[in-house]
Amino acid sequence: METIGNTPLVKLNSVVKGCKATVLAKVETVNPGNSIKDRMAMKMIEDAETQGLIKPGATIIEGTSGNTGMGLALGCILKGYNLICVLSDKQSKEKMDILRAVGAEVVVCPTNVEPEDPRSYYSVSKRLAQETPNSWYVNQYDNPSNALAHYEQTGPEIWSQTEGEITHLLVGVGTGGTISGTGKYLKEQNPKIKNIGIDTYGSVFKKYHETGIFDENEIYSYITEGIGEDILPKNVDFSVIDYFEKVTDKDAAVMTRRIAREEGIFVGNSAGSAIAGLMQIKDQFTEDDVIVVIFHDHGSRYVGKMFNDDWMRERGFLDVDHKTANDLIANHLDKGLVQCASEELVSHAIAKMKDYSISQIPITRDGGFVGHVDDTKLFQQLLDNPELLDTPLENVMQKALPMVKEDTKIDDIKGLINQETPAVLVELKNGKFNIITRYDMINAL
Ligand code: PMP
């Protein structure tokens, strides 16, 4: 239990390029349950024990997106309680498997139902708590110990790690515990500090904060995990939050991958959402600003999702490769196009292939392309009839190579190259020509 907290603050470099401020990530993955939620899970259990709400041998019940469940599971192991975690079916399989691995019973509920629906994970957790003898329903949404854990731990840690230099706190908001507790503490130290909440499309927070309206039209199912809500948890203290920024599922997922690949920090989906949100509003910040961003949980919980190419592709989250003919010829553009006239001899073409280490040559007549020769077919023809060496190319040439423009997409070029057609000609804007061969295609793919 003593290994919870005192997590590192790490300066980000690559993914925040273009933002003038210093951006520091509070990397919460080093907690024993690999997420920030260990802090509040342990605090909620211990406060409930102090208040006499949990008796020996009790069953603890919670609706959780996974991370709180993990923190509770570790606490329950150490303190001898049973744990039932109620999850919605959009949560990653990894999170469910991990909870089972640490001894929790996992109950899965549908995502696409109203919170009041008896099948929702809010309703099922409450019902299980009523039905199970000697049980305690944690209710992280409204339990004040949640925000208090961050007021007592996360806030003071950030204040002392930044030596009071922090100007902005930026946090993905779910139950609201992290931003409200941490943000309250920081504003008490320096009222000028701004707390920025990151919200998802499909969640009610931003509109409610800006207008005071709980708009049900804002609610729809979304993919981002851990943040955004279709309810107003008591732990969201709107008075300490200065601004909410919404981030799309795609932008969050893409940035989650970038943080791993460009920073070497393997963290979860809400970290991606937070950095994507920060970059959407980057122009607000100056060189003097010090922004602390919370990285809530570990990337291992998302290996079947945001870190899986097939999963990303199925949702249209992986950008299609928009390479064009221009990209394919870039590394040999300066060499120009090697060609032969149709009346030149086959032996000349072979000499040129040797000199330039190439496998095919387009053939011209009267300024136009009328055919091509390639080494494989030429070799076969010469084996059958060695005298062809001294005949004009027009006697042995194959059909002319297809012609594309500089901005033709690679996807449209792929289909043109086959057994009969070893290359494609490219008509350049300056009136000259170049060539894309099989090797150029293989390199590009
Ligand atoms: N990110 C992740 C991965 C989470 O599990 C949570 C908690 N739901 C959050 C962010 C949001 O934190 P909080 O509940 O304290 O607002």
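The values are calculated or read from the model by the stated rules, or taken from the named source; none is laboratory data. Every value quoted in this text rests on a predicted model; they were computed, and no experiment measured them. The protein model used for the area step is the full one, side chains on, heavy atoms only, and it has no ligands, DNA or RNA in it. Shrake-Rupley method; radii C 1.70, N 1.55, O 1.52, S 1.80 Å.
Whole angstrom only: what separates the Cα centroid of region 38-87 from the Cα centroid of region 246-312?
About 29 Å separates the Cα centre of region 38-87 from the one of region 246-312.
Expressed as a rounded percentage, what relative contact order does the chain have, with Cα pairs under 8 Å and six or more residues apart?
Working: 879 pairs, mean separation 60.6, N = 445.
Relative contact order, the chain: 14 percent.
To the nearest 10 degrees, how steeply does helix 177-189 sit against the main Cα axis of the chain, on a 0 to 90 scale?
Long axis of 177-189 versus the principal axis of the chain: about 80 degrees.
If you take the Cα Rg of region 318-445 and divide it by 2.2 N^0.38 Å, with N the number of residues, what do you get?
Numbers: Rg = 15.1 Å, N = 128, 2.2 N^0.38 = 13.9 Å.
Normalised Rg, Cα atoms only: 1.08.
Using the heavy atoms of the protein chains alone and a 1.4 angstrom probe, what is the accessible area of the chain per residue in square angstrom? Kindly include the intermediate steps, with their values, before the conclusion.
Working: 20250 Å² over 445 residues.
Spelled out: the 1.4 Å probe surface of the chain, per residue, equals 46 Å².
Counting only residues 5 or more places away or on other chains, whose amide H sits under 5 Å from the amide H of Val247 once H atoms are built in the peptide plane?
Counting only residues 5 or more places away or on other chains, the set is Asp199, Thr200, Tyr201.
On the accessible surface of region 357-445, probed at 1.4 Å, how many percent belong to carbon and sulfur atoms?
On the way: 2580 of 5100 Å².
With neighbouring chains kept in place, the figure for region 357-445 is 51 percent.
Mind pulling the angle between the C-alpha long axis of helix 346-356 and the longest principal axis of the chain? Nearest 10 degrees, somewhere in 0 to 90.
40 degrees
Can you show me the helix-derived [θ] at 222 nm for the chain, built from DSSP H runs with n ≥ 4 at -39,500 (n - 2.57) apiece and divided by the number of residues, rounded to the nearest 500. If you can, show how the numbers build up before the last one.
Numbers: 16 runs with 146 residues, N = 445.
After summing the helix terms and dividing by residue count, I get -9500 deg cm²/dmol.
Over the Cα atoms of region 82-201, what radius of gyration and what Dmax do you get, in Å?
17.5, 50
Rounded to a whole number, what % of the accessible area of region 149-253 do carbon and sulfur atoms account for, probe 1.4 Å?
Numbers: 1900 of 4040 Å².
Carbon and sulfur: 47 percent of the exposed surface of region 149-253.
Just read off the accessible area of Thr132 with the full protein assembly in place, 1.4 Å probe, to the nearest 10 Å².
30 Å²
Of all accessible surface on region 18-130 at a 1.4 Å probe, what whole percent is carbon and sulfur? Write out the running numbers ahead of the final one.
Numbers: 2280 of 4370 Å².
Ligands and nucleic acids excluded, carbon and sulfur give 52 percent.
Using amide H atoms built in the peptide plane, which far-off residues or other-chain residues are under 5 Å from Val404 H to H?
Amide H to amide H, under 5 Å and 5 or more residues apart or across chains, Val404 pairs with Leu425, Val426, Glu427.
Accessible area, 1.4 Å probe, largest first: how do Leu99, Leu382 sort? All intermediate terms of the calculation are to be shown ahead of the outcome.
Numbers: Leu99 0, Leu382 35 Å².
Sorted by accessible area, descending: Leu382, Leu99.
Out of residues 5 or more away from Val370 or on other chains, whose amide H comes under 5 Å of its own, with H placed 1.01 Å from N in the peptide plane?
The list, which skips near neighbours in sequence, is Ile363, Thr364, Arg365.
What pairs in Lys405/Lys432; Lys43/Lys126; Lys93/Lys305; Lys126/Lys206 have C-alpha atoms more than 19 Å from each other? Please list the in-between numbers first.
Values: Lys405/Lys432 11 Å; Lys43/Lys126 21 Å; Lys93/Lys305 9 Å; Lys126/Lys206 27 Å.
The pairs that break the limit, which is 19 Å between Cα atoms, are Lys43/Lys126; Lys126/Lys206.
Once the mean 1/r over all distinct Cα pairs of the chain is inverted, what Kirkwood radius in angstroms do you read off?
25.7 Å
Restricting to bridges with both residues inside region 312-445, how much of the DSSP beta-bridge set is antiparallel, in percent to the nearest 5? Walk me through the intermediate numbers first.
Working: 14 of 19 bridges.
Antiparallel bridges make up about 75 percent of those DSSP assigns within region 312-445.
Which aspartates and glutamates does Lys250 reach when only Cα atoms under 15 Å apart count, and residues fewer than 8 places away in its own chain are ignored?
Partners within reach: Asp199, Glu225, Asp309, Asp310, Glu314, Asp319.
Got a sec? What order do Ile98, Ile259 fall in by accessible area at 1.4 Å, biggest, i.e. largest, first? Let's see the in-between values first.
Working: Ile98 50, Ile259 0 Å².
Solvent-accessible surface, decreasing: Ile98, Ile259.
For a quick check, take a GNM of the chain with Cα springs below 10 Å and name the residue from Pro133, Pro386, Pro118 with the largest mean-square fluctuation.
Pro386
Have a look at the DSSP beta bridges in the chain and tell me what percent are antiparallel, nearest 5.
Values: 19 of 56 bridges.
Percent antiparallel among DSSP bridges in the chain is about 35.
Given just the C-alpha atoms of region 55-146, how large is their convex hull per residue in cubic angstrom? It would help to have the intermediate numbers written out before the result.
Values: hull volume 8.0 nm³, N = 92.
Cα-based convex hull of region 55-146, divided per residue, equals 87 Å³.
On a 1.4 Å probe surface of the protein chains, which of Ile363, Ile77, Ile223 comes out largest in accessible area, and what is the full order? Write down the numbers at each step before the final one.
Details: Ile363 0, Ile77 100, Ile223 50 Å².
Putting Ile363, Ile77, Ile223 in descending order of accessible area: Ile77, Ile223, Ile363.
With every protein chain present, what accessible area does Glu245 have (1.4 Å probe, heavy atoms only), rounded to the nearest 10 Å²?
Roll a 1.4 Å probe over it and Glu245 shows about 20 Å².
Can you work out ³J(HN,Hα) from phi for every residue in region 214-219, in order, using Karplus 6.51 cos²θ - 1.76 cosθ + 1.60 and θ = phi - 60°, giving whole Hz and x for Gly and Pro?
In residue order, the calculated couplings are 8, 9, 5, 5, 6, 8 Hz.
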